[in-house]
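Everything on this sheet refers to the single structure shown next.
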Amino acid sequence: MVKLLHICRLFYIFDTQYMVLWLGRISDSIEGGSWMKRRDIFGKWFIIAFLAIGSLWPGGHEVKADSPVHVVSAAGGDLFGVAAWSDGSVTGWGYNKFGQVGDGTGIHQYVPKKIAGLAHVTQVAAAQSTSYAVTAEGEVWAWGEGYSGYVNDDPVLPYQKRELPSKLEGLRDVASISTNGSAGIAVHKDGTATLWHVFYDSDYKKQMKYVSLKGVTGIKEVHIMGSKALLLDQDGKLSSLNIYNDFYGRYRTVNEIKAPEILISEISRVAISWRDIFVLRKDGAVLQLNEKNQKLTAISGLKEISDIQTGYNRLYALKQDGTVWQWNYNSGSKAKPFQIKGLTGISAIWGTTGQTGFALNKKGEFLAWSNGYNAGLASGSGSEYNRSEALITPVQQALSWKVNGEDISFYATSGVVDNQLYVPYTSVFEAMGITITRKEVKANDPKAVPRSYTEWSFTYGSRTVSINKGKPGEVYINGKKSEAPANIISMSNSTLFPLEMICEGLGIDLKWNKATGEIVIQS
């Protein structure tokens with residue numbers, strides 16, 4: 001149908017002029033008669049109406065060509081997150097000491113960055129300080145602790161350069177994966193499963209170990225909990241499999257793997273946090289499972305549930321009505337599930353091993369809620385904030401930069417504060433032809449504390465924007481005081497400047513497509 005609409009649009013665009021000429025010749029070749037005149041007028045009006053209708057033709061949603069892609073999978077570890085998008089790309093953000101964001105650095109990123117080298121990704125997984133991605137071709141890619149080693153002697157980033165994601169060559173035809181941060185289990189497209197983990201040989205060289213889980217078939221999803229793997233099959237049966245040898249302190253070999261033990265049936269979803277197991281029954285009820293005695297305890301208030309996920313000592317539940325509920329189950333015996341205000345019309349949720357959760361609403365908006373120290377870093381909101389209670393924020397789109405027609409990238413984080421762009425001086429300014437100077441200025445008031453402050457000046461051609469960090473801070477454009485806010489912020493040990501205000505003061509054109517993250521600067 002869409003192709004037909006496109007053909008019709010091409011027909012009316014290219015052939016209308018010939019239709020007008022054709023009808024005109026017909027009317028000219030037939031002599032006289034008021035009816036013929038009326039027919040000629042009718043024919044011309046018909047063409048005008050045809051053109052008008054054609055201009056409103058939907059064209060297979062062509063008008064939405066610039067609409068943003070939507071998230072299809074999300075995950076997170078401790079203060080960081082990763083997401084796979086409908087165009088097959090992957091973004092990462094947050095705490096990045098081990099390279100778990102995937103941008104090739106050890107610099108914390110407050111705004112998501114698109115991860116180079118990854119395409120056709122259908123699922124992401126993360127835990128602690130590691131991240132993974134599964135492609136439509138069944139490949140598995142890994143980065144973060146244990147995978148992203150240091151890149152030495154980099155001229156631009158000598159001490160914080162990290163390796164980019166690498167493909168796990170021992171895994172093929174993978175449908176989905178699960179990880180606890182130190183190991184992972186891949187579910188293959190034929191329903192079998194493989195355990196993998198990093199180990200170091202006698203020469204301290206990193207090696208990958210792959211262990212086929214014999215006797216495991218028909219698997220739908222898998223989770224690692226301590227020394228066990230929890231396996232949910234296509235029929236809704238949940239089984240337990242011992243994968244860790246406590247005596248030797250290592251994961252089991254192929255010959256040590258025994259047959260899985262069936263725990264319960266009629267299950268549609270499993271979620272774990274450390275040693276806590278939660279199951280979603282096919283009737284929409286949520287229960288907590290005690291693995292030792294296989295006792296199930298129904299969780300009061302959680303009914304008509306369509307999905308469950310976990311964070312650190314918390315359970316997230318998506319109700320069939322599109323609301324999201326949370327249970328901080330280790331907060332005392334009186335703690336009960338509560339609805340997260342502001343999360344309505346939700347179609348999917350994802351958990352982490354930290355204090356952050358992710359959600360996709362029916363409008364296609366990707367949201368995060370997080371609390372605790374550096375909650376803003378974990379949420380990908382572009383801002384820095386700390387909260388005792390969870391704050392719901394949109395996850396920023398990954399930003400792309402084009403300056404004077406050239407694509408620009410930089411290592412340090414950017415920021416989005418009060419809906420305004422902030423960038424470090426080692427970012428786009430040099431490409432824009434802007435000169436930056438810094439000096440210390442003494443305060444006019446001898447009693448002022450501090451008695452001096454930093455003033456940054458941005459010069460382009462004959463124009464200069466100066467921002468000082470006095471109390472209060474001030475902005476000057478060509479020496480004239482401006483009413484613009486003098487905001488200079490610090491993120492990831494970098495000083496960030498208000499880019500839009502600087503561009504406006506210097507007469508430089510900046511366009512920011514907030515739906516796609518594209519920023520175009522023409523100096």
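With respect to A412, determine if the residue is part of a loop (DSSP other than H, G, I, E, B), out of contact with any helix residue (DSSP H, G or I) (no Cβ under 6 Å at 6 or more places or on another chain) and of a type in the set (A, V, I, L, M, F, W, C).
Against the criterion (part of a loop (DSSP other than H, G, I, E, B), out of contact with any helix residue (DSSP H, G or I) (no Cβ under 6 Å at 6 or more places or on another chain) and of a type in the set (A, V, I, L, M, F, W, C)), A412 qualifies.
Go through region 138-189 and count every residue that is in a loop (DSSP other than H, G, I, E, B), at negative phi and in contact with a strand residue (DSSP E or B) (Cβ under 9 Å, 6 or more places away or on another chain).
So the count comes out to 22.
For region 428-451: of the residues being assigned to a loop (DSSP other than H, G, I, E, B) and touching a residue at least 40 places away in the same chain (Cβ under 8 Å), which is nearest to L499 (Cα to Cα)?
Across region 428-451, the extreme among qualifying residues is V428.
Would you check if T122 is part of a strand (DSSP E or B), among the hydroxyl-bearing types (S, T, Y) and without any contact (Cβ under 8 Å) to a residue 60 or more places away in the chain?
For T122, the condition - part of a strand (DSSP E or B), among the hydroxyl-bearing types (S, T, Y) and without any contact (Cβ under 8 Å) to a residue 60 or more places away in the chain - is met.
Checking S73 against (1) within 14 Å of V395 (Cα to Cα); (2) touching a Gly at 6+ places or on another chain (Cβ under 8 Å); (3) among the small types (G, A, S): exactly one of these is not met. Which one?
(2)
Taking region 463-488 only, how many residues are β-branched (V, I, T) and either in contact with a Pro (Cβ under 6 Å, 6 or more places away or on another chain) or assigned to a loop (DSSP other than H, G, I, E, B) (or both)?
1
Between A375, A359, which is free of Cβ contacts under 8 Å to residues at least 24 places away in the same chain, under 16 Å from the mean Cα position of the chain (by Cα) and not assigned by TED's automatic domain parsing to the domain that holds L496?
Only one candidate qualifies: A375.
When region 227-238 is examined, which residues are found to be surrounded by 13 or more Cβ atoms within 10 Å (Cβ to Cβ) and either without any contact (Cβ under 8 Å) to a residue 60 or more places away in the chain or closer than 20 Å to Y200 by Cα (or both)?
S227, A229, L230, L231, L232, D233, G236, K237, L238
I'm checking my understanding of the structure. Among residues of region 489-510 that are at pLDDT 95 or above and either touching a His at 6+ places or on another chain (Cβ under 7 Å) or in a loop (DSSP other than H, G, I, E, B) (or both), which one is nearest to F410 (Cα to Cα)?
Taking the candidates together, the pick is I508.
If a residue must be assigned to a loop (DSSP other than H, G, I, E, B), of a type outside the set (S, T, N, Q) and out of contact with any Lys or Arg (no Cβ under 8 Å at 6 or more places or on another chain), how many such residues does region 313-334 contain?
3
So is S27 over 21 Å from G415 (Cα atoms) and modelled with pLDDT under 50 or not?
yes
Pull up region 511-523, narrow it to residues that are in a strand (DSSP E or B) and under 24 Å from T91 (Cα atoms), then point me to the one that is farthest from the chain's Cα centre (by Cα).
So the residue we want is I521.
Taking region 198-217, which residues are surrounded by 13 or more Cβ atoms within 10 Å (Cβ to Cβ) and free of Cβ contacts under 8 Å to residues at least 40 places away in the same chain?
Listed by number, the list holds a single entry, T217.
Taking D407 as the residue in question, decide whether it is more than 18 Å from the chain's Cα centre (by Cα), more than 22 Å from A74 (Cα to Cα) and at pLDDT below 95.
no
Condition check: in a strand (DSSP E or B), surrounded by 19 or more Cβ atoms within 10 Å (Cβ to Cβ) and over 27 Å from the mean Cα position of the chain (by Cα). Does L241 satisfy that?
Yes: the conditions hold for L241.
The values are calculated or read from the model by the stated rules, or taken from the named source; none is laboratory data. Keep in mind that this is a model prediction, so the values were computed, not measured. We place every Cβ from the backbone using ideal geometry, glycine too, and count neighbours over all the protein chains shown.
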